[in-house]
1. So which residues in segment 15-26 are modelled with pLDDT of 95 or more and open to solvent by 10 Å² or more (accessible area, probe 1.4 Å), if there are any at all?
2. Which one of the conditions (1) touching an Asp or Glu at 6+ places or on another chain (Cβ under 6 Å); (2) in contact (Cβ under 8 Å) with a residue 24 or more places away in the chain; (3) closer than 28 Å to Pro53 by Cβ; (4) not β-branched (Val, Ile, Thr) does Tyr87 fail to meet, given that it meets all the rest?
3. Across segment 150-193, what is the number of residues that are open to solvent by 20 Å² or more (accessible area, probe 1.4 Å) and in a helix (DSSP H, G or I)?
4. In segment 160-186, how many residues are under 13 Å from the mean Cα position of the chain (by Cα) and over 22 Å from Asp18 (Cα atoms)?
5. (1) aromatic (Phe, Trp, Tyr); (2) over 19 Å from Ile37 (Cβ atoms); (3) outside any strand (DSSP E or B): which one isn't true of Trp203, the others all being true?
6. Filter segment 47-76 down to residues that are part of a helix (DSSP H, G or I) and either more than 22 Å from Asp27 (Cα to Cα) or basic (Lys, Arg) (or both) and give me whichever is least open to solvent (accessible area, probe 1.4 Å).
7. Can you name every residue in segment 128-139 that is modelled with pLDDT of 95 or more and either open to solvent by 10 Å² or more (accessible area, probe 1.4 Å) or not in a helix (DSSP H, G or I) (or both)?
8. Hey, any hits in segment 197-207 for a residue that's open to solvent by 60 Å² or more (accessible area, probe 1.4 Å) and farther than 19 Å from Trp19 by Cβ?
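The values are calculated or read from the model by the stated rules, or taken from the named source; none is laboratory data. As the structure is a computational prediction, the values presented were derived from the model and not from experiment. Counting neighbours? That spans all protein chains shown, and the Cβs are built from the backbone with ideal geometry, glycine included. When the accessible area is computed, the model is the full protein with side chains, heavy atoms only, and any ligands, DNA or RNA have been set aside. Shrake-Rupley method; radii C 1.70, N 1.55, O 1.52, S 1.80 Å.
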Amino acid sequence: MSTVPRASGEPGRGVGSDWRGVLFDLDGTLADTVDLILKSFRHTMARHLDEVPPDARFLAGIGKPLPVQLREFAADDHELRSMRETYIAFQSNLHDRVVRPFPGARSVVGSLRTRGVRVGIVTSKARRIARRTLDVCGLGDAFDCVVCGDEVSQGKPHPEPVHRAMKTLGISDAPKRVLFVGDSPHDLRAGRAAGVRTAAVGWGPLERGLLLSEGPDYLFDRMEDVLGIKP
């Protein structure tokens, strides 16, 4: 495990039960969906544009709701709606064949719950596809709450989804004992704005340097690292 210094010093090592709650992003954090995301993006761009933009442009928006990501490439609202429909249809047909959990996802979430830690999902995905992803990954009943992008007024990087999850879990009174784990700058910004601890994961699609520039409290090399730290 790699740890990132905080202003108060190096993060301590301890047991997961010191946390009141641990919140996870879904895509790129618990679920390996990058192949699905990029194939859906390429298909959508090829259908609607003269050329397919570089993958990096779409990856930079990971963590934001899909309409926000697609708006960068759409000429107007009509094209945006058409792109979204194309993306969702393609994604739906391919989803179950390519999505899988990252190693350790199920066992780590189970260990946290055994220790009495409240666990939740904070994702920019719409509820329908988020539930499908969780089911395919064997995580359908693993979380105490799931906050989705179509259930909030402002998605990540705004703190609203994180605040909603904490309120649902009854842990809003102790933000410094809440950890938000994610793979994108938008996750880390949302967590920081909500006043919770943040952890960047090293197995997602983005460069570590980009994540470290956001000043996370922790950098995890593997899923199990969450079980070895304390607030």
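1. Arg20
2. If we test Tyr87 against (1) touching an Asp or Glu at 6+ places or on another chain (Cβ under 6 Å); (2) in contact (Cβ under 8 Å) with a residue 24 or more places away in the chain; (3) closer than 28 Å to Pro53 by Cβ; (4) not β-branched (Val, Ile, Thr), just (1) comes out false.
3. Of the residues in segment 150-193, 13 are open to solvent by 20 Å² or more (accessible area, probe 1.4 Å) and in a helix (DSSP H, G or I).
4. Count: 5.
5. Among (1) aromatic (Phe, Trp, Tyr); (2) over 19 Å from Ile37 (Cβ atoms); (3) outside any strand (DSSP E or B), Trp203 violates only (2).
6. The initial filter retains those residues of segment 47-76 that are part of a helix (DSSP H, G or I), namely 47-48, 55-59, 66-71.
Those still in the list that are either more than 22 Å from Asp27 (Cα to Cα) or basic (Lys, Arg) (or both) too: 47-48, 57, 71.
Working: Arg47: 151, His48: 50, Arg57: 103, Arg71: 129 Å².
Here the residue is His48.
7. Correct list: Arg131, Arg132, Asp135, Val136, Cys137, Gly138, Leu139.
8. Going residue by residue through segment 197-207, those that are open to solvent by 60 Å² or more (accessible area, probe 1.4 Å) are 207.
Going one step further and asking which of them are farther than 19 Å from Trp19 by Cβ, we end up with 207.
Within segment 197-207, one or more residues are open to solvent by 60 Å² or more (accessible area, probe 1.4 Å) and farther than 19 Å from Trp19 by Cβ.
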